[in-house]
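The values are calculated or read from the model by the stated rules, or taken from the named source; none is laboratory data. None of these values were measured; they are calculated from a predicted model. Here the Cβ positions follow ideal geometry from the backbone for every residue, glycine too, while neighbour counts run over all protein chains shown. Heavy atoms of the whole protein, side chains included, go into the accessibility calculation; ligands, DNA and RNA do not. Shrake-Rupley method; radii C 1.70, N 1.55, O 1.52, S 1.80 Å.
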Amino acid sequence: AQTVTQSQPEMSVQEAETVTLSCTYDTSENNYYLFWYKQPPSRQMILVIRQEAYKQQNATENRFSVNFQKAAKSFSLKISDSQLGDTAMYFCAFMQYNNNDMRFGAGTRLTVKP
Amino acid sequence: NAGVTQTPKFQVLKTGQSMTLQCAQDMNHNSMYWYRQDPGMGLRLIYYSASEGTTDKGEVPNGYNVSRLNKREFSLRLESAAPSQTSVYFCASSEQGYGYTFGSGTRLTVV
């Protein structure tokens, strides 16, 4: 079974600085998808970024980008120019190519300090 | 707004009571899911439905039942609630490979 590991339960960053959240996963599959979700205090789960494993180019969405290292099974999230509104739980998730069953990491609580 | 609608948002049950969590999506997605979220454990899959008329167990199905009433609706039932089922429950829907759209969650407390 696929597992997703987020080794940083909590992190903090100063406003306007850059922070990187780590995620590793375990799979024997070659084709799959990876995601980062944000969960602010409102509890709503919000998709931040999506990566297809067969694409070598790292996905970016405005201030959010990933460093996808397929051989190392690593999928880190970089947040540039951190804003107070980025304060949230962040979940890394894995989905097989032909299966919609998504597996989540335990999450990283990020606090952006003014 | 298009999306996934869950009801209720909050619920308190006594041990042994039953209840059904309702979920509906208006995005014409084939797949729907129920997850529970507990501190330090991320989200764990309870049941999912890959298409109308089918349901399958996920990682933590014990104590729950589901019904895929039609393409839009997927309900989760607790027949005899236990304190261990105190959690936040999320419904989600998806199309293949595009990630999930989540409902706003139900905070359930069993006393």
- Has segment A:29-43 got at least one residue that is among the basic types (Lys, Arg) and touching a residue at least 40 places away in the same chain (Cβ under 8 Å)? yes
- Hey, does segment A:66-86 have a residue that's of a type in the set (Val, Ile, Thr), surrounded by fewer than 17 Cβ atoms within 10 Å (Cβ to Cβ) and farther than 20 Å from B:MET41 by Cβ? no
- Output the number of the condition that B:GLY40 fails; it satisfies all remaining conditions of (1) within 14 Å of chain A (Cβ to nearest Cβ); (2) under 21 Å from A:GLN39 (Cα atoms); (3) assigned to a strand (DSSP E or B). (3)
- Report yes if B:GLU59 is touching a residue at least 12 places away in the same chain (Cβ under 8 Å), in contact with a His (Cβ under 8 Å, 6 or more places away or on another chain), farther than 13 Å from B:THR5 by Cα and within 14 Å of chain A (Cβ to nearest Cβ), otherwise no. no
- Query: Using beta carbons and a limit of 6 Å, which pairs, at least six apart or on different chains, have the first residue in segment B:13-31 and closer than 20 Å to B:LEU108 by Cβ and the second one part of a loop (DSSP other than H, G, I, E, B) and acidic (Asp, Glu)?
  - Reply: B:SER18/B:GLU79
- Count of segment A:80-114 residues which are more than 7 Å from chain B (Cβ to nearest Cβ), of a type in the set (A, V, I, L, M, F, W, C) and part of a loop (DSSP other than H, G, I, E, B): 0
- Query: Pick from A:SER28, A:SER42: which is open to solvent by 60 Å² or more (accessible area, probe 1.4 Å), modelled with pLDDT under 95 and within 14 Å of another protein chain (Cβ to nearest Cβ)?
  - Reply: A:SER42
- Can you tell me which residues in segment A:73-105 are modelled with pLDDT under 95 and farther than 16 Å from A:PHE35 by Cβ? A:ASN98
- Please give the number of the condition B:LEU45 fails out of (1) part of a strand (DSSP E or B); (2) within 14 Å of chain A (Cβ to nearest Cβ); (3) modelled with pLDDT of 95 or more. (3)
- Message: Among the numbered criteria (1) open to solvent by less than 50 Å² (accessible area, probe 1.4 Å); (2) facing another protein chain (nearest Cβ under 10 Å); (3) among the aromatic types (Phe, Trp, Tyr), which one does B:TYR98 miss?
- Response: (1)
- Query: So is B:THR15 open to solvent by 40 Å² or more (accessible area, probe 1.4 Å) and within 15 Å of the chain's Cα centre (by Cα) or not?
  - Reply: no
